[in-house]
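One structure below.
The values are calculated or read from the model by the stated rules, or taken from the named source; none is laboratory data. Every value quoted in this text rests on a predicted model; they were computed, and no experiment measured them. Note that we place each Cβ from the backbone using ideal geometry, even for glycine, and neighbour counts take in every protein chain shown.
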Amino acid sequence: MRLRKLVAAAVPLPALLGLAVAVPATAATEPLVTLADNAAPLVNSARTGDVAPDRPITAALSLKLHNQQALEKFLADVQNPTSPQYHHFLTPAQFNARFGPTQADVDKAVSFLGKAGATGIEVSGNRQAITFTGSAAQLESAFRTRIGTYHDRVSGRDFFANDAAPALPADVSAVVGNVVGLDNHALRTHKSHAVAKPNVVKAVTPPVLKTAYGTSGIAATGSGVSVGFVEFDGYQKANITKYDSTYGLTSGGLTTVSVNGANYDSSPGDGQVEVELDIEVVHALAAATHGYVYEAPNSGAGELAMYQKIASDNTVDVVSISWGACESAEGSSQAKSVSSAIATGTAEGISYFAAAGDDGTTDCYRQTGSTAKAVDFPASSPNVTGVGGTQLSVTSSNTYSSESTWNNGDSGGSTGGGISTLFAAPSWQSAQSTTNRKVPDVSADASPTSGYTIYSAGAWQQVGGTSGAAPLWAAFAALQTQVHGGDLGNLNPTFYSIGNSSSYGTGFHDVTTGNNSLHGTTGFAAGTGYDQVTGWGSFKGTGLSGLIG
């Protein structure tokens, strides 16, 4: 399942300038600062009119962190085994004191919103995000931009979006990094791939996964560990119970966490299969974990609020993410705001795993129609482990036989991978000779032809996609959290250290065949060691467990 964000079309620049000038001033004598990163990527769409002035819009402000350089150093030190800070993670209160917005920052932003007429103002627990609702006319006046209606020529959807980058009074822009949610183009649709049973070579079940990926020898069940799930739809506990009872799994329990009033469990939508896939794959390896299913509105403001709530709650140890968007569709302001929330959770010890996408190296294809090379967010965030996809082959006794790159062609999908356009290469990726972040970092089974057997919507199904690979790695991380008796944070530095060492073959199955070329675009080829198709490969359960410090 991937998050589809704003992809709109160009309006002639003179028209946009004229529209922006026409917006009434709220503080004519006060200097304004334009938030350039917040311009809507209006590509492939046509402006069709103005939004009704009284239309309510829910949006959010993402507040700036303090001491950003010190935070980056802390994130490096807390994962460095030679540093005195190693695995000395922060509590939310400690993070707020060192890096978070101050109460004065919040008060300034809330005062601005109040004067603009916003209602329903809600501040996240860590003071980093402020969600609010206002009429279109109020938001146009507050942020100095018209909000128009648009028609997306690719998807055929009608939506609204800000015509120009918003502007804020200088004193408010000093504390606000981004404005999120001035559009409703977000399309969050799942990328799990269901197939008919005759097409399945070997469907994977809990016994197959435990044997093939070598976790049976790990003395852990996930007991005492909590896993968070990022979801924009709901699930039915009866389906999870059916899966668990069929395979003799003892669940540690599930709790739905409502974000901004969202709770889809009473009437799940099309994304139900995704939510239940995520939960059941984690249960396949680590059933004793307690799952916290975060459910948020399908919007930019809802997405940001969910990631900030995960960080401020600090309830979970590991997070599984099967929703995302190609970076250009996500947009710079949205991606940076969410990435800041993820960095906060990482500083508190949370480990994040995200699906790398199912459209090969052309991650924007289903969202914008573009065949340009692109990668998926949040898998591309430096504090997230991006998980690619393979096709798993096992023996008759379920032991590991081989893996190849998952690529079922244009109609069947392929593992995502490539180079980020938003994030610089982290220090731990320097050996991969890159200026910008590369993804994926690791991989696991994702092909529908070696699909996951799950119970969803009252029926057994075989499902593939990197949406299955991400929770599998999250389950492995949950086992490691129990084994090591505490949170592990961003595991990428550890994975890359192992990958670049003589211990690589002990911890990983190196996937060396196949490519992620799709939609007529030449992608990347798998090879020895790290590649932008399957990363370092899949985990050898007991082997990799023994290498994680």
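Condition test on GLN462, is it crowded, with 19+ Cβ neighbours inside 10 Å, in contact with a strand residue (DSSP E or B) (Cβ under 9 Å, 6 or more places away or on another chain) and not in a helix (DSSP H, G or I)?
On the way: crowded, with 19+ Cβ neighbours inside 10 Å: yes; in contact with a strand residue (DSSP E or B) (Cβ under 9 Å, 6 or more places away or on another chain): yes; not in a helix (DSSP H, G or I): yes.
Yes.
Would you please name the residue that is surrounded by the most Cβ atoms within 10 Å (Cβ to Cβ), looking only at residues in the range 434-459 that are touching a residue at least 12 places away in the same chain (Cβ under 8 Å), among the aliphatic types (A, V, I, L, M) and more than 22 Å from LYS373 (Cβ to Cβ)?
If we take residues in the range 434-459 being touching a residue at least 12 places away in the same chain (Cβ under 8 Å), among the aliphatic types (A, V, I, L, M) and more than 22 Å from LYS373 (Cβ to Cβ), then ALA444 is surrounded by the most Cβ atoms within 10 Å (Cβ to Cβ).
Look at the range 272-290 and say how many of its residues are touching a Phe, Trp or Tyr at 6+ places or on another chain (Cβ under 7 Å) and surrounded by fewer than 24 Cβ atoms within 10 Å (Cβ to Cβ).
Of the residues in the range 272-290, 1 are touching a Phe, Trp or Tyr at 6+ places or on another chain (Cβ under 7 Å) and surrounded by fewer than 24 Cβ atoms within 10 Å (Cβ to Cβ).
In the range 357-415, what residues are surrounded by fewer than 24 Cβ atoms within 10 Å (Cβ to Cβ), among the β-branched types (Val, Ile, Thr) and in a loop (DSSP other than H, G, I, E, B)?
Correct list: THR371, THR395, THR399.
Condition test on LEU472, is it surrounded by fewer than 24 Cβ atoms within 10 Å (Cβ to Cβ), under 23 Å from the mean Cα position of the chain (by Cα) and either aromatic (Phe, Trp, Tyr) or modelled with pLDDT of 95 or more (or both)?
no
Quick one: in the range 233-243, which of the residues that are in a helix (DSSP H, G or I) and under 26 Å from the mean Cα position of the chain (by Cα) is nearest to SER299 (Cα to Cα)? Steps first, answer last, please.
Filtering the range 233-243 for residues in a helix (DSSP H, G or I) gives 237-243.
Pick out the ones that are also under 26 Å from the mean Cα position of the chain (by Cα) and you get 237, 239-240, 243.
Values: LYS237: 25, ASN239: 27, ILE240: 27, TYR243: 31 Å.
Here the answer is LYS237.
Which residues, counting only those in the range 198-215, are modelled with pLDDT under 95 and assigned to a loop (DSSP other than H, G, I, E, B)?
Those that are modelled with pLDDT under 95 and assigned to a loop (DSSP other than H, G, I, E, B): VAL200, VAL201, LYS202, ALA203.
Hey, among ALA301, ALA356, which residue is closer than 25 Å to GLY389 by Cα and touching a residue at least 24 places away in the same chain (Cβ under 8 Å)?
Values: ALA301 fails: closer than 25 Å to GLY389 by Cα.
The unique qualifying residue is ALA356.
Which residue is farthest from ALA347 (Cα to Cα), if the candidates are limited to the range 313-327 and must be of a type outside the set (D, E, K, R) and surrounded by fewer than 24 Cβ atoms within 10 Å (Cβ to Cβ)?
Among them, the one singled out is THR315.
Which pairs do you get when a residue that is free of Cβ contacts under 8 Å to residues at least 60 places away in the same chain and assigned to a loop (DSSP other than H, G, I, E, B), found in the range 489-517, comes within reach of a residue that is surrounded by fewer than 18 Cβ atoms within 10 Å (Cβ to Cβ) and of a type in the set (Val, Ile, Thr), reach meaning Cβ atoms under 9 angstrom, with the pair 6+ apart or on two chains?
Filtered contacts from the range 489-517: ASP510/THR528; THR512/THR528.
Consider only pairs whose beta carbons are under 7 Å apart and that are at least six residues apart or on different chains; among these, list those whose first residue lies in the range 258-270 and is in the same structural domain as TYR294 (by TED's automatic domain parsing) and whose second residue is among the basic types (Lys, Arg).
From the range 258-270, the pairs are VAL259/LYS309.
Tell me, which strands (runs of 3 or more DSSP E) wholly within the range 110-155 include 1 or more residues that are of a type outside the set (S, T, N, Q), in contact with a helix residue (DSSP H, G or I) (Cβ under 7 Å, 6 or more places away or on another chain) and more than 18 Å from SER62 (Cα to Cα)?
Result: 147-152.
Checking ALA93 against (1) touching a helix residue (DSSP H, G or I) at 6+ places or on another chain (Cβ under 6 Å); (2) surrounded by fewer than 19 Cβ atoms within 10 Å (Cβ to Cβ); (3) of a type in the set (A, V, I, L, M, F, W, C): exactly one of these is not met. Which one?
The single condition ALA93 does not satisfy is (1).
Among the listed residues VAL195, VAL123, VAL110, which satisfies the condition of being at pLDDT below 95, more than 30 Å from THR48 (Cα to Cα) and either crowded, with 21+ Cβ neighbours inside 10 Å or out of contact with any His (no Cβ under 8 Å at 6 or more places or on another chain) (or both)? Break it down stepwise before answering.
Values: VAL123 fails: at pLDDT below 95; VAL110 fails: at pLDDT below 95.
Residue meeting the stated conditions: VAL195.
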